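Below is one structure, written out as structure tokens; comments come after it.
The values are calculated or read from the model by the stated rules, or taken from the named source; none is laboratory data. Model, not experiment: these values are computed from the prediction. Cβ placement follows ideal geometry from the backbone for every residue including glycine, while neighbour counts extend to all protein chains displayed. For the accessible areas, the whole protein counts, side chains as well, though only heavy atoms, and no ligand, DNA or RNA atoms are used. Shrake-Rupley method; radii C 1.70, N 1.55, O 1.52, S 1.80 Å.
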Amino acid sequence: NAGVTQTPKFQVLKTGQSMTLQCAQDMNHNSMYWYRQDPGMGLRLIYYSASEGTTDKGEVPNGYNVSRLNKREFSLRLESAAPSQTSVYFCASSGPRGGNSPLHFGNGTRLTVT
Amino acid sequence: AQTVTQSQPEMSVQEAETVTLSCTYDTSESDYYLFWYKQPPSRQMILVIRQEAYKQQNATENRFSVNFQKAAKSFSLKISDSQLGDAAMYFCAYRSTSGGTSYGKLTFGQGTILTVHP
């Protein structure tokens, strides 16, 4: 049972380069999320998708774009990476919106922008 | 917007002892959910315990229990009989149940690093 799968696990980019973080879940969840984790700041929401075909901005969306390709997949794109985007990125999914169903997380991507 | 505050950046405990991690939150909503997640050095996010705000009874999962004080907007985590494997970063999180832009998303606190001494 794979759960939430993120790729890659590690990535180093130069300033100005672009890349896409991939995320897929096999739990038939409607909602998917992208968070970033920085020291002393916990996890902050970048973008989320409440259901297939919809995406919304979270707390820190600047510099990112997302695509909900289908119900399973939700990708995060950095068009022009900046050192401020050095972080650990987590994808997550959840069942019914607003319920007590917890978020299920991928194992994260550590991104370094030099 | 809701905020979650963990005022203890680091805590430590002796193996087999009890430790309590603090969490407070700010909200104007009456119905919501609260969670504690554990993040070991592997970076994996693991759900520890959850609490529905409409339930007065404190949630318990084996050695983990919460002290939920709705009026005080406090949600602390108590770990009993601490084990070396409990060493991790712990995050408190809030989930709204109301409509609007905050619906369904988790808002996290800053995290508390727990060290367990043998």
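Other chains near A:106-113: what is the mean number of their Cβ atoms within 10 Å of each residue's Cβ?
Working: counts 3, 4, 5, 1, 1, 0, 0, 0.
Mean partner shielding for this stretch: 2.
The 1.4 Å probe gives accessible areas that order A:Ser94, A:Ser51, A:Ser101, largest first, as A:Ser51, A:Ser101, A:Ser94. When each of the peptides A:83-89, B:67-73 is scored by the mean number of other C-beta atoms lying within 10 Å of its residues, the order from highest to lowest reads A:83-89, B:67-73.
Backbone geometry of segment A:17-25 corresponds, through the Karplus equation with coefficients 6.51, -1.76 and 1.60 at θ = phi - 60°, to 3J(HN,Hα) couplings of 6, 10, 6, 10, 8, 9, 9, 9, 10 Hz, x marking Gly and Pro.
Peptide packing for A:19-28, B:4-13 was compared via the average number of neighbouring C-beta atoms within 10 Å per residue; ordered from the highest value, the list is A:19-28, B:4-13.
Rounded to the nearest 20, the Cβ-based charge dipole of the protein assembly as shown about its Cα centre (Lys and Arg +1, Asp and Glu -1) stands at 440 debye. As an exercise, use a Förster radius of 41 Å and the Cβ-Cβ distance of B:Ser80 and A:Phe10 to find the FRET efficiency, rounded to the nearest 0.05. FRET efficiency, B:Ser80 to A:Phe10: 0.65.
Taking a straight Cα-Cα cut-off under 13 Å and skipping sequence neighbours fewer than 8 places away in the same chain, the aspartates and glutamates within cross-link reach of B:Lys38 are B:Asp86.
Rolling a 1.4 Å probe across the protein heavy atoms gives segment A:32-114 an accessible surface of 40 Å² per residue. Across the protein assembly as shown, Cα-Cα distances exceeding 29 Å account for 27% of all pairs. Put a dot 7 Å past the Cα of A:Ser67, heading toward its Cβ, do the same for B:Asn58, and the two dots end up 4.9 nm apart. Remark: chain B carries a charge dipole of roughly 280 debye about the Cα centre, counting +1 on each Lys and Arg Cβ and -1 on each Asp and Glu Cβ.
Cross-link check: pairs A:Lys14/B:Lys105; B:Lys73/B:Lys105; B:Lys78/B:Lys105; A:Lys71/B:Lys105 evaluated at a Cα-Cα cut-off of 23 Å; pairs beyond the cut-off: A:Lys14/B:Lys105; B:Lys78/B:Lys105.
Note on exposure: A:His29, A:His104 ranked by accessible area (1.4 Å probe, complete protein assembly) read A:His104, A:His29, with the most exposed listed first. Computing FRET efficiency as 1/(1 + (r/R0)^6) for A:Asn30 and B:His117, where r is the C-beta to C-beta distance and R0 is 41 Å, gives about 0.40. Overall, the anisotropy analysis places chain A in the prolate class: the square-rooted eigenvalues a ≥ b ≥ c of its C-alpha gyration tensor yield a/c not less than 1.5, with a/b exceeding b/c.
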